[in-house]
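**Student:** Below you will find the structure I want to go over with you.
The values are calculated or read from the model by the stated rules, or taken from the named source; none is laboratory data. What you see is a predicted model; the values in this text were computed from it and never measured. Cβ placement follows ideal geometry from the backbone for every residue including glycine, while neighbour counts extend to all protein chains displayed. Calculation scope for accessible area: heavy atoms of the full protein, side chains included, ligands and nucleic acids excluded. Shrake-Rupley method; radii C 1.70, N 1.55, O 1.52, S 1.80 Å.
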Amino acid sequence: MTTTPIRQRLSPARLRKLPSWSVLAAGTLLGGLLGGAYGLVTPPEYTATSYVIAVPTDKSGPDSALGFAQAYGRAATQLAVLGDAQVWARVPVRTLQHSVRTATSPDAPMVAVSATSSRRGLAVDMANAVSRALTRHADDTSDNTQVRLVQFSRAVKPTEPTSTSTAVTTLVGASAGGLLCGLALLARPRQTRQDDDPLPAASVPGPAAAADVRGQR
(Lines give C-alpha, C1' and ligand atoms only; values in the text may rest on other atoms or scores of the structure.)
Protein backbone atom coordinates (compact mmCIF):
# COMPACT_ATOMS: atom_id res chain seq x y z
CA MET A 1 0.00 0.00 0.00
CA THR A 2 1.34 3.39 -0.96
CA THR A 3 0.95 6.60 1.04
CA THR A 4 0.81 10.12 -0.33
CA PRO A 5 3.83 12.16 0.79
CA ILE A 6 3.10 15.11 3.10
CA ARG A 7 4.87 17.53 0.77
CA GLN A 8 2.56 16.50 -2.05
CA ARG A 9 -0.54 16.96 0.11
CA LEU A 10 0.62 20.44 1.16
CA SER A 11 1.86 21.55 -2.23
CA PRO A 12 1.31 25.21 -3.26
CA ALA A 13 -1.09 24.07 -5.99
CA ARG A 14 -3.33 22.35 -3.46
CA LEU A 15 -3.15 25.34 -1.09
CA ARG A 16 -4.22 27.66 -3.89
CA LYS A 17 -7.28 25.51 -4.44
CA LEU A 18 -8.48 26.01 -0.87
CA PRO A 19 -11.52 28.29 -0.55
CA SER A 20 -10.81 31.85 0.53
CA TRP A 21 -13.01 31.67 3.60
CA SER A 22 -10.98 28.78 5.03
CA VAL A 23 -7.72 30.72 4.69
CA LEU A 24 -9.26 33.78 6.37
CA ALA A 25 -10.70 31.64 9.16
CA ALA A 26 -7.38 29.92 9.78
CA GLY A 27 -5.49 33.23 9.87
CA THR A 28 -8.03 34.79 12.22
CA LEU A 29 -7.90 31.78 14.54
CA LEU A 30 -4.11 31.69 14.59
CA GLY A 31 -3.86 35.44 15.21
CA GLY A 32 -6.37 35.22 18.05
CA LEU A 33 -4.44 32.38 19.68
CA LEU A 34 -1.17 34.27 19.46
CA GLY A 35 -2.73 37.47 20.81
CA GLY A 36 -4.36 35.61 23.69
CA ALA A 37 -1.10 33.86 24.54
CA TYR A 38 0.71 37.19 24.58
CA GLY A 39 -1.89 38.65 26.94
CA LEU A 40 -1.59 35.68 29.29
CA VAL A 41 2.21 35.65 29.35
CA THR A 42 2.68 39.42 29.77
CA PRO A 43 2.20 40.48 33.42
CA PRO A 44 -0.27 43.33 34.08
CA GLU A 45 1.12 46.81 34.69
CA TYR A 46 -0.16 49.44 37.11
CA THR A 47 0.22 53.21 36.96
CA ALA A 48 0.26 55.58 39.92
CA THR A 49 0.22 59.38 39.57
CA SER A 50 1.14 62.18 41.96
CA TYR A 51 0.63 65.91 41.37
CA VAL A 52 2.68 68.96 42.31
CA ILE A 53 1.64 72.55 41.73
CA ALA A 54 3.78 75.64 41.13
CA VAL A 55 2.98 78.49 43.48
CA PRO A 56 4.27 82.03 42.83
CA THR A 57 5.76 84.12 45.61
CA ASP A 58 4.94 87.74 46.37
CA LYS A 59 7.51 88.89 43.80
CA SER A 60 6.06 86.93 40.87
CA GLY A 61 2.70 86.28 39.26
CA PRO A 62 0.55 83.42 37.92
CA ASP A 63 2.12 83.62 34.46
CA SER A 64 5.54 83.01 35.95
CA ALA A 65 4.26 79.99 37.87
CA LEU A 66 2.69 78.55 34.71
CA GLY A 67 5.93 78.92 32.76
CA PHE A 68 8.04 77.30 35.48
CA ALA A 69 5.54 74.43 35.78
CA GLN A 70 6.24 73.60 32.15
CA ALA A 71 9.97 73.74 32.81
CA TYR A 72 9.76 71.57 35.93
CA GLY A 73 7.70 69.04 34.00
CA ARG A 74 10.60 68.58 31.58
CA ALA A 75 13.22 68.56 34.36
CA ALA A 76 11.46 65.86 36.39
CA THR A 77 12.92 63.06 34.28
CA GLN A 78 16.47 64.42 34.22
CA LEU A 79 19.33 62.72 36.04
CA ALA A 80 19.64 65.49 38.62
CA VAL A 81 16.12 64.77 39.90
CA LEU A 82 16.08 61.02 39.36
CA GLY A 83 19.40 60.65 41.14
CA ASP A 84 17.77 61.90 44.36
CA ALA A 85 14.52 60.03 43.75
CA GLN A 86 16.24 56.65 43.54
CA VAL A 87 17.16 56.92 47.22
CA TRP A 88 13.49 57.04 48.31
CA ALA A 89 12.17 54.70 45.60
CA ARG A 90 14.99 52.18 46.21
CA VAL A 91 15.35 51.41 42.50
CA PRO A 92 18.12 52.23 40.01
CA VAL A 93 18.00 55.42 37.96
CA ARG A 94 17.57 53.36 34.81
CA THR A 95 14.34 51.92 36.18
CA LEU A 96 13.03 55.41 36.89
CA GLN A 97 13.97 56.58 33.41
CA HIS A 98 12.04 53.68 31.90
CA SER A 99 8.99 53.87 34.19
CA VAL A 100 8.37 57.55 35.01
CA ARG A 101 6.56 60.02 32.74
CA THR A 102 5.42 63.58 33.36
CA ALA A 103 2.62 65.71 31.93
CA THR A 104 1.80 69.40 32.22
CA SER A 105 -1.21 71.54 31.35
CA PRO A 106 -1.08 74.75 29.30
CA ASP A 107 -3.83 76.23 31.51
CA ALA A 108 -2.81 75.21 35.05
CA PRO A 109 0.61 75.36 36.78
CA MET A 110 0.49 71.68 37.67
CA VAL A 111 2.83 68.76 36.97
CA ALA A 112 1.59 65.16 36.91
CA VAL A 113 4.23 62.53 37.69
CA SER A 114 3.20 59.00 36.66
CA ALA A 115 5.09 55.76 37.30
CA THR A 116 4.30 52.35 35.81
CA SER A 117 5.27 48.97 37.23
CA SER A 118 4.02 45.41 37.49
CA ARG A 119 3.93 45.99 41.27
CA ARG A 120 1.35 48.45 42.49
CA GLY A 121 3.32 49.46 45.56
CA LEU A 122 6.46 50.14 43.55
CA ALA A 123 4.54 52.35 41.13
CA VAL A 124 3.32 54.44 44.06
CA ASP A 125 6.80 54.69 45.58
CA MET A 126 8.41 55.80 42.33
CA ALA A 127 5.79 58.47 41.60
CA ASN A 128 6.00 59.92 45.10
CA ALA A 129 9.80 59.77 45.14
CA VAL A 130 10.16 61.74 41.89
CA SER A 131 7.61 64.31 43.08
CA ARG A 132 9.49 64.73 46.35
CA ALA A 133 12.85 65.13 44.60
CA LEU A 134 11.40 67.63 42.13
CA THR A 135 9.88 69.67 44.94
CA ARG A 136 13.20 69.83 46.79
CA HIS A 137 15.04 70.98 43.67
CA ALA A 138 12.44 73.68 43.10
CA ASP A 139 12.74 74.88 46.71
CA ASP A 140 16.52 75.13 46.39
CA THR A 141 16.15 77.60 43.50
CA SER A 142 13.02 79.41 44.70
CA ASP A 143 15.04 82.52 45.67
CA ASN A 144 16.00 82.94 42.03
CA THR A 145 12.85 81.72 40.31
CA GLN A 146 10.37 83.23 42.78
CA VAL A 147 8.32 80.04 42.31
CA ARG A 148 8.11 77.01 44.56
CA LEU A 149 6.52 73.62 44.12
CA VAL A 150 3.95 72.26 46.55
CA GLN A 151 2.67 68.69 46.71
CA PHE A 152 -0.93 68.79 45.50
CA SER A 153 -1.77 65.09 45.94
CA ARG A 154 0.24 61.99 46.64
CA ALA A 155 0.05 58.88 44.49
CA VAL A 156 -2.31 56.18 45.72
CA LYS A 157 -2.21 52.47 45.04
CA PRO A 158 -4.05 51.70 41.78
CA THR A 159 -6.89 49.19 41.88
CA GLU A 160 -6.95 48.18 38.20
CA PRO A 161 -4.13 47.55 35.71
CA THR A 162 -3.54 50.03 32.93
CA SER A 163 -2.02 47.49 30.56
CA THR A 164 -4.00 45.89 27.74
CA SER A 165 -6.23 43.02 28.86
CA THR A 166 -6.08 39.50 27.43
CA ALA A 167 -9.43 39.96 25.69
CA VAL A 168 -8.16 43.02 23.84
CA THR A 169 -4.91 41.35 22.77
CA THR A 170 -6.93 38.38 21.50
CA LEU A 171 -9.17 40.63 19.41
CA VAL A 172 -6.18 42.55 18.07
CA GLY A 173 -4.38 39.33 17.16
CA ALA A 174 -7.45 37.90 15.43
CA SER A 175 -7.97 41.12 13.46
CA ALA A 176 -4.31 41.23 12.43
CA GLY A 177 -4.33 37.57 11.38
CA GLY A 178 -7.44 38.00 9.29
CA LEU A 179 -6.10 41.16 7.69
CA LEU A 180 -2.77 39.59 6.77
CA CYS A 181 -4.45 36.55 5.26
CA GLY A 182 -6.81 38.78 3.30
CA LEU A 183 -3.88 40.73 1.89
CA ALA A 184 -2.11 37.49 1.02
CA LEU A 185 -5.17 36.28 -0.85
CA LEU A 186 -5.33 39.50 -2.82
CA ALA A 187 -1.63 39.33 -3.67
CA ARG A 188 -1.50 35.67 -4.70
CA PRO A 189 -1.15 34.99 -8.44
CA ARG A 190 -4.20 33.94 -10.38
CA GLN A 191 -4.45 30.34 -11.47
CA THR A 192 -3.27 29.82 -15.05
CA ARG A 193 -3.38 26.80 -17.33
CA GLN A 194 -0.43 24.50 -16.83
CA ASP A 195 1.72 23.54 -19.78
CA ASP A 196 0.86 19.88 -19.37
CA ASP A 197 -2.91 20.46 -19.26
CA PRO A 198 -4.67 18.96 -22.35
CA LEU A 199 -5.86 21.44 -24.91
CA PRO A 200 -9.61 21.53 -25.50
CA ALA A 201 -10.66 19.26 -28.39
CA ALA A 202 -11.63 21.06 -31.60
CA SER A 203 -15.24 20.59 -32.61
CA VAL A 204 -15.79 19.27 -36.17
CA PRO A 205 -19.25 19.62 -37.73
CA GLY A 206 -20.95 16.38 -38.68
CA PRO A 207 -21.80 15.39 -42.27
CA ALA A 208 -25.39 16.55 -42.00
CA ALA A 209 -24.37 20.00 -40.72
CA ALA A 210 -21.77 20.33 -43.51
CA ALA A 211 -24.39 19.42 -46.15
CA ASP A 212 -26.76 22.01 -44.79
CA VAL A 213 -24.08 24.64 -45.04
CA ARG A 214 -23.38 23.79 -48.71
CA GLY A 215 -27.08 23.82 -49.47
CA GLN A 216 -27.51 27.27 -48.04
CA ARG A 217 -24.81 28.58 -50.31
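**Student:** Short version: ³J(HN,Hα) in whole Hz for each residue of region 68-84, in order, from phi by Karplus 6.51 cos²θ - 1.76 cosθ + 1.60 (θ = phi - 60°), x for Gly and Pro, what are they?
**Tutor:** Along region 68-84, the couplings run 6, 5, 4, 5, 5, x, 6, 7, 5, 9, 7, 4, 4, 7, 5, x, 7 Hz.
**Student:** Then there is this: With label points built 7 Å along Cα→Cβ from the Cα atoms of Ala187 and Gln146, find their separation and express it in nm.
**Tutor:** Each label point lies 7 Å from its Cα, and together they span 6.3 nm.
**Student:** Between Trp88 and Asp58, what FRET efficiency follows from the Cβ-Cβ distance if R0 is 25 Å, with the result rounded to 0.05?
**Tutor:** On the way: r = 31 Å, r/R0 = 1.24.
For R0 = 25 Å, the calculated efficiency reads 0.20.
**Student:** Roughly what would the spin-label model give for Leu171 and Gln78, points 7 Å off Cα along C-beta, in nm?
**Tutor:** So the two model labels end up 4.3 nm from each other.
**Student:** Just want to confirm a number: the relative contact order over region 117-163, from Cα pairs under 8 angstrom separated by 6+ residues, in percent.
**Tutor:** 44
**Student:** A follow-up question, please. Collect residues whose amide H, placed 1.01 Å from N in the peptide plane, falls under 5 Å from the amide H of Phe152; neighbours closer than 5 in sequence don't count.
**Tutor:** It is Tyr51, Val52, Ile53, by chain and number.
**Student:** Give the residue list of trypsin sites (Lys or Arg not before Pro) in region 51-96 that are DSSP loop and have at most 15 other beta-carbon atoms within 10 angstrom.
**Tutor:** Sites meeting the loop and neighbour criteria: Lys59, Arg90.
**Student:** What part of the accessible area of region 32-136, given as a whole %, is carbon or sulfur when the probe is 1.4 angstrom? Please report the intermediate quantities before stating the final value.
**Tutor:** On the way: 3090 of 5540 Å².
Roughly 56 percent, rounded to a whole number.
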